[in-house]
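Notes follow once the structure below has been shown.
Please treat every number below as a calculation from the coordinates, not as lab data. All values derive from a computational prediction rather than experimental measurement. In this analysis, Cβ positions are derived from the backbone assuming ideal geometry, glycine residues included, and neighbour counts consider all displayed protein chains.
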Amino acid sequence: MKLRSVLLVIFATVVGVVRFPSLVRADNYSLEAVPLYQPWHLGSFLGYDSSVLDAVVTSSLEEKIALETQGWKTNTICYVSPAQIPGTIPLMRLFNPASGDHLCTTSVNEGQTAIAEGFTSEGILGYVFPKEAKAPGTVPLHRFYVPFYQSETHGDYNPFHAYSTDEHASSSYRDPLTYEGIACYVWPAPTQIATLTITAPRPGNTLRGGSDYEVCWSASSKIGAVSIGYSSDAGYSWMVTDCGLANKGFATWRVPNIDTNHARMQIVWTDAASGPTNVLATAESGADLSIKRTPFAPLHARTLQAVAVRAKPTGLNARRFSASEIRLSWQAAKGSPKGYLVERRTGQGPFRQVANVLAPGVTYADGYISPGTSYAYRVRAYWGGASSGYSDVASVKTASSLGAAGRS
């Protein structure tokens, strides 16, 4: 009876790949530095003829647009990494509701001192190189401070911090401005940080079902780990077969014993094998491969898992625990999975993996978030050689103090 069920599953899988959706474009992704915006209120930090009432720094496009609808102007001051790479540290934003000041810092000690003085953490703006360790291609980000003062024209001003890659920006600024030194090192322009390419198999290759094949790839560094997946329907859906492999450029993959002319490979490169992860790059074969089923091949356990239908996690819940943390929980999937891959979407962007939670864990605390930003999450379970479908999507938006920014 069990053998008959297995054969029915295999038959359904083989028949199912005959009908496939229209071609899906390859989702190749490389980590790139993203803009760090500085919205300012009335006048310009760069030296127009009117005074600046307030300035803030954000990497959130949602925050930027929200302030621009209120009449704020924006300049892009630099670029930061959206994921942590070797040598980088978080650039954190804090807010003091009493003074209206937004402070950006990479110093844990300064952050703790500021919190003791009444600031609250608002999350991470991005990842930068510390002021003690300049990296090739980066420039210093200078920090300035405008204290509380009185103006005959505009009245009382709240204190605020401002930032520029120009050390001499204060010379063209008409109001009181104190130079506080280099905050960190950043990129002056859009920069590709990581690259990944699949070198084998190549589009058009034919693989033998049930055999072991050496998948090869080329990454811009050897850090982190990779996950290997495949699609049998031209990229419409994906099955994760190996997770948390060492990023050494090759791995042995058990080819599923199926018939399809529309197979594709996918490699996801993350900075860690498990726990919180940052996706550094994703590579997919952009054209189809062929897999030919081997008749009467031994029914290996991993091959059976690859064609079996796996129960997806249910009950995904996402809640804003604090201004700088979102907590997730879900119901365990049936069948004793090895772990769960947590994916996050920022705004309307694509989903990217942010965590590999090893079983029996069914919770995740996401502290790598930015203020005033909408996030959506989904979770899938994985076994050795198989993965489930995705859970339902859970959405949440982080807090922002920008509604309080400006004059008192």
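For this structure, a couple of remarks:
- Contour excess over end-to-end distance, with Cα ends at SER218 and SER107 and 0.36 nm allotted per residue: 36.5 nm
- Under 17 Å of direct C-alpha separation, and excluding same-chain neighbours fewer than eight residues apart, LYS248 reaches these lysines: LYS222.
- Amide hydrogen neighbours beyond the local backbone of LEU103, cut-off 5 Å, H modeled: LEU94, PHE95, ASN96
- Residue exposure sequence - ASP212, ASP242 - by fewest surrounding Cβ within 10 Å: ASP212, ASP242
- Residues ARG380, ARG293, arranged from fewest to most other Cβ atoms within 10 angstrom of their Cβ, appear as ARG293, ARG380.
- Across the range 355-364, coupling constants 3J(HN,Hα) worked out from phi with the 6.51/-1.76/1.60 Karplus curve, θ = phi - 60°, read 7, 10, 8, 6, 5, x, x, 9, 9, 8 Hz, and Gly and Pro carry x.
- Sorted fewest first by neighbouring Cβ atoms within 10 angstrom, VAL279, VAL362, VAL108 come out as VAL108, VAL362, VAL279.
- Alpha-carbon centroid distance for the pair the range 341-396 / the range 232-278, whole angstrom: 17 Å
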